[in-house]
């Protein structure tokens, strides 16, 4: 029998997947790769959704090498790559890999998710537009596409049984982390004996850029290295420590974002929300999701 992993978190990005990966890794019967996002089933890289992903054409053996398969002890293997949710080809490729796999998603208010992703892109130097609404229009696959939850999920429901897919809402999940994780552990078939404290867990904290031009240059350089023709060069630069140095330089150019920077104005929220309104209604009416926790919030930190 061929080795297969047991579960995948499909997304969405900027919806607490880093914290959840850390929660999962504390269970001795669960194994997740140290590289949280393996990026195997997505055809394009999530930085721009236009550059081909070199991992997409690699073998199952390469993919399985990231996991721990134990012949004597049952280890539940899984990974979290948020861009799978918005990847059209990922659906059939995942099914071909393991038609019985468990899939779960964390859905965040689509406007706040997109805005958080937009700020993160600025932080990483892959976004230069200073207008959020304009950025939505300019890069719909990146910002709008990942927040079109019903549109994305409908592809997965078309290929997998409903019992294989679990939906969590970000806003509800982190209100009671222990209850939510108990539910998640049950879904993936693992015992739950650990309590979690969200404040003590590692999460991606938003940052501001001191010198935007520097991180934009680094961002363009990193995307360039992700092209297939530069794969060997990237591996070499990684081996000699050059990429680690670049990462240090980029990190030193960041500071923790202030609440003023984090604030999303009501009129901007409402304009953006109109883009997702039809998709949200489909979530409520066709998937029977209660999304009452979504909506504009004063001084919402992202």
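Points worth noting:
- Rounded, prolate or oblate (a/c below 1.5 giving rounded, otherwise prolate when a/b exceeds b/c) for region 91-212 by Cα gyration tensor: oblate
- Annotation: extensible slack from residue 255 through residue 96 equals 52.9 nm (criterion: 0.36 nm per residue apart, minus Cα-Cα distance).
- Euclidean distance between Cα centres, region 115-159 to region 216-252, Å: 24
- Average Cα contact separation per residue, the chain, under 8 Å, 6 or more apart, as relative contact order %: 23
- Shape descriptor for region 3-50: Rg over Rh equals 0.98 (Cα atoms; Rh from the Kirkwood inverse mean 1/r).
- Of the beta bridges in the chain, as assigned by DSSP with both residues counted there, near 20 percent are antiparallel.
- Evaluating kT/(6 pi eta Rh) at 25 °C and 0.890 mPa s, with the Kirkwood radius of region 88-158 over Cα pairs in the Stokes-Einstein relation, gives 179 µm² s⁻¹.
- MRE, 222 nm, helices only [DSSP H, n ≥ 4, -39500 (n - 2.57), over the chain, to nearest 500]: -12500 deg cm²/dmol
- Full extension of the segment from residue 59 to residue 71, taken as 0.36 nm per residue of separation minus the current Cα-Cα distance, would add 2.1 nm.
- Residue list for region 31-75, given a label point 7 angstrom along the Cα-to-Cβ vector of residue 138 and an amide N cut-off under 20 Å: 45-51
- Sorting the segments 217-224, 40-47 by their mean number of nearby beta carbons within 10 angstrom, highest to lowest, gives 40-47, 217-224.
- Region 44-122: C-alpha gyration tensor shape, a/c 1.5 cut-off, then a/b vs b/c: prolate
- Overall shape: rounded for the chain, with the ratio a/c of the largest to smallest alpha carbon gyration tensor axis below 1.5.
Rule-based calculations on the coordinates, nothing more; no lab input. All of these numbers come straight from a predicted model, not from anything done at the bench. Heads up, the Cβs are rebuilt from the backbone with ideal geometry, glycines too, and the neighbour counts pull from every protein chain shown.
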